[in-house]
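Structure below; questions to follow.
The values are calculated or read from the model by the stated rules, or taken from the named source; none is laboratory data. If you're wondering where the values come from, they're calculated on a predicted model, not measured in any experiment. Note that each Cβ is placed from the backbone with ideal geometry, even for glycine, and that neighbours are counted across all protein chains shown.
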Amino acid sequence: MLRHCNHQRLVFRHKLYQLREERDMKPDTFASLVSAMLYEKRFGPYFCQPVIAGLGEDDKPFICTMDSIGAKELAKDFVVAGTASESLYGACESMFKPDMDHEELFETISQALISSVDRDCLSGWGGHVYIVTPTEVTERILKGRMD
Amino acid sequence: MTKEHANWSPYDNNGGTCVAIAGADYCVIAADTRMSTGYSILTRDYSKICKLADKSFMASSGFQADVKALQKVLSSRHLIYQHQHNKQMSCPAMAQLLSNTLYYKRFFPYYAFNVLGGLDGEGKGCVFTYDAVGSYERVGYSAQGSGATLITPFLDNQLKSPSPLLLPAKDAVTPLSEAEAVDLVKTCFSSATERDIYTGDSVEIMIVNASGVRREVEQLRKD
């Protein structure tokens with residue numbers, strides 16, 4: 001959502017971290033950073049629900065979501081956010097299974113996303129899917145209903 | 001200058017989810033059996049499905065007192081129809097009757113979210129979905145109630161039948177077999193039970209086909 005103004009701030013904070021620590025930030029650390037930044041605005045929040053995903057120590061997958069004041073929700077299977085979040089819960093709950101490889105994961109998440117946003121008038125116009133593996137990050141753009 | 005609001009409401013929401021799927025020669029109507037109020041459970045064993053005619057079943061979520069009253073009105077109207085016409089009401093006829101009955105109380109509605117399922121005049125499955133004041137549409141499948149937003153996108157994805165979202169509207173009957181459809185319904189309820197606090201305990205499934213009606217009950221998580 002309204003993340004543009006904070007994108008630069010987060011890039012800045014991460015670059016500083018890299019300079020000081022001489023390594024990349026782990027996803028769970030980054031999540032704590034985002035959570036803190038959102039809670040700073042506790043009484044005048046950003047209208048923003050982030051979803052964070054990445055590979056942590058030993059390439060262990062990490063996912064989490066937050067509400068607009070930074071309350072973290074960690075999960076092992078899936079996390080959702082947005083105006084279509086209820087639909088996404090239903091779709092993900094039915095389609096998810098553990099230990100999928102990245103091809104199957106891409107298929108599953110794309111189907112869940114497209115089915116859910118098609119039922120929400122405020123969401124849609126396609127989708128972006130990022131698959132993070134130990135060797136690379138691929139971005140794929142989904143074609144969806146343009147209504 | 002704020003309007004004075006009543007501190008008593010005639011309505012309550014007893015929760016629950018209803019689903020129906022139409023097939024080429026069958027119809028599956030299902031509803032969970034949990035009845036709640038606020039954050040409490042009233043009972044784990046309440047049927048939300050009512051047989052209105054030989055080939056017409058109505059599943060309703062919402063305020064169960066209004067649902068019970070609605071079921072009574074429709075059942076008695078059907079009995080009168082049988083006396084006058086010497087035959088059972090067809091499902092499309094019952095669909096229209098339900099719509100009219102709901103709109104009759106347009107300014108003090110039945111707090112009932114209904115799904116009507118059965119076989120039409122040609123023996124094909126039909127599902128009609130309603131809002132609280134009687135606006136209705138024949139569709140290939142529908143979900144109503146607290147778990148509806150969780151189930152509907154999944155049904156859009158799995159049913160391989162024209163979704164109500166497609167334009168131009170196509171005749172909506174799923175190519176799935178009866179066994180596949182029943183399995184799909186069970187999966188939907190398992191998923192909805194995980195994420196919706198008002199859905200669970202068990203799911204009652206009615207399968208209507210040319211040979212008659214079959215009833216199945218599947219246990220769900222009780223938390």
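Looking only at segment A:99-147, count how many residues are farther than 17 Å from residue A:63 by Cα, in a loop (DSSP other than H, G, I, E, B) and not basic (Lys, Arg).
12
Residues B:110, B:136: which one is surrounded by fewer than 22 Cβ atoms within 10 Å (Cβ to Cβ), of a type outside the set (A, V, I, L, M, F, W, C) and more than 14 Å from chain A (Cβ to nearest Cβ)? Steps first, please.
On the way: B:110 fails: surrounded by fewer than 22 Cβ atoms within 10 Å (Cβ to Cβ).
Within the list B:110, B:136, the selection yields B:136.
Looking only at strands (runs of 3 or more DSSP E) that lie completely in segment B:33-105, which have at least 2 residues being over 17 Å from residue B:11 (Cβ atoms) and at pLDDT below 95? Show your work before the answer.
On the way: elements: B:35-37, B:40-43, B:49-53, B:56-62.
No strands (runs of 3 or more DSSP E) qualify here.
To continue, here is another question. Would you mind telling me which numbered condition in (1) out of contact with any helix residue (DSSP H, G or I) (no Cβ under 8 Å at 6 or more places or on another chain); (2) closer than 20 Å to residue B:105 by Cα; (3) surrounded by fewer than 24 Cβ atoms within 10 Å (Cβ to Cβ) residue B:115 fails?
Exception for residue B:115: condition (3).
Out of curiosity, is residue A:95 surrounded by fewer than 16 Cβ atoms within 10 Å (Cβ to Cβ), of a type in the set (A, V, I, L, M) and in contact with a helix residue (DSSP H, G or I) (Cβ under 8 Å, 6 or more places away or on another chain)?
No.
Checking the structure you have, find out if any residue of segment A:65-75 is within 14 Å of another protein chain (Cβ to nearest Cβ) and farther than 18 Å from residue A:48 by Cα.
Yes - at least one qualifying residue is present in segment A:65-75.
One line per residue, one yes/no per condition, for (1) under 26 Å from residue A:32 (Cβ atoms); (2) among the charged types (D, E, K, R):
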{"position": "A:74", "(1), (2)": "yes, no"}
{"position": "A:78", "(1), (2)": "yes, no"}
{"position": "A:103", "(1), (2)": "no, yes"}
{"position": "A:139", "(1), (2)": "yes, yes"}
{"position": "A:142", "(1), (2)": "no, no"}
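Here's another thing I want to ask about it. Please count how many residues of segment A:83-98 are within 13 Å of chain B (Cβ to nearest Cβ) and either part of a loop (DSSP other than H, G, I, E, B) or touching a residue at least 60 places away in the same chain (Cβ under 8 Å) (or both).
4
If residue A:112 satisfies all but one of (1) loosely packed, with under 13 Cβ neighbours inside 10 Å; (2) within 22 Å of residue A:76 (Cα to Cα), what's the number of the condition it fails?
(1)
Of all residues in segment B:172-213, count the ones that are free of Cβ contacts under 8 Å to residues at least 24 places away in the same chain and within 19 Å of residue B:120 (Cβ to Cβ).
Selection size over segment B:172-213: 2.
Does residue A:24 fit the bill of being in a loop (DSSP other than H, G, I, E, B) and among the acidic types (Asp, Glu)?
For residue A:24, the condition - in a loop (DSSP other than H, G, I, E, B) and among the acidic types (Asp, Glu) - is met.
A follow-up question, please. Just for segment A:104-143: of the residues that are in contact with a strand residue (DSSP E or B) (Cβ under 9 Å, 6 or more places away or on another chain) and charged (D, E, K, R), which one is nearest to the other protein chains (Cβ to nearest Cβ)?
Let us first name the residues in segment A:104-143 that are in contact with a strand residue (DSSP E or B) (Cβ under 9 Å, 6 or more places away or on another chain), namely A:105-106, A:109-110, A:113-114, A:117, A:126-134, A:137-143.
Next, only the ones that are charged (D, E, K, R) stay: A:139-140, A:143.
Numbers: A:139: 23, A:140: 18, A:143: 16 Å.
Filtering segment A:104-143 for residues that are in contact with a strand residue (DSSP E or B) (Cβ under 9 Å, 6 or more places away or on another chain) and charged (D, E, K, R), the one nearest to the other protein chains (Cβ to nearest Cβ) comes out as A:143.
Please work out which residue is nearest to the chain's Cα centre (by Cα), limiting yourself to segment B:174-193 and to residues that are surrounded by fewer than 18 Cβ atoms within 10 Å (Cβ to Cβ) and of a type outside the set (Val, Ile, Thr). Talk me through it step by step, then tell me what you get.
We begin by selecting, within segment B:174-193, every residue surrounded by fewer than 18 Cβ atoms within 10 Å (Cβ to Cβ); these are B:175, B:177, B:179-180, B:183, B:186-187, B:190.
Among the residues that remain, those that are also of a type outside the set (Val, Ile, Thr) are: B:175, B:177, B:179-180, B:183, B:186, B:190.
Details: B:175: 21, B:177: 20, B:179: 19, B:180: 19, B:183: 18, B:186: 15, B:190: 17 Å.
Selected residue: B:186.
Matching residues to (1) in contact (Cβ under 8 Å) with a residue 40 or more places away in the chain; (2) assigned to a helix (DSSP H, G or I); (3) in contact with a Gly (Cβ under 9 Å, 6 or more places away or on another chain); (4) surrounded by 15 or more Cβ atoms within 10 Å (Cβ to Cβ):
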residue	(1), (2), (3), (4)
A:5	no, yes, no, no
A:16	no, yes, no, no
A:30	no, yes, yes, yes
A:35	no, yes, yes, yes
A:38	no, yes, yes, yes
A:42	no, no, yes, no
A:46	yes, no, no, yes
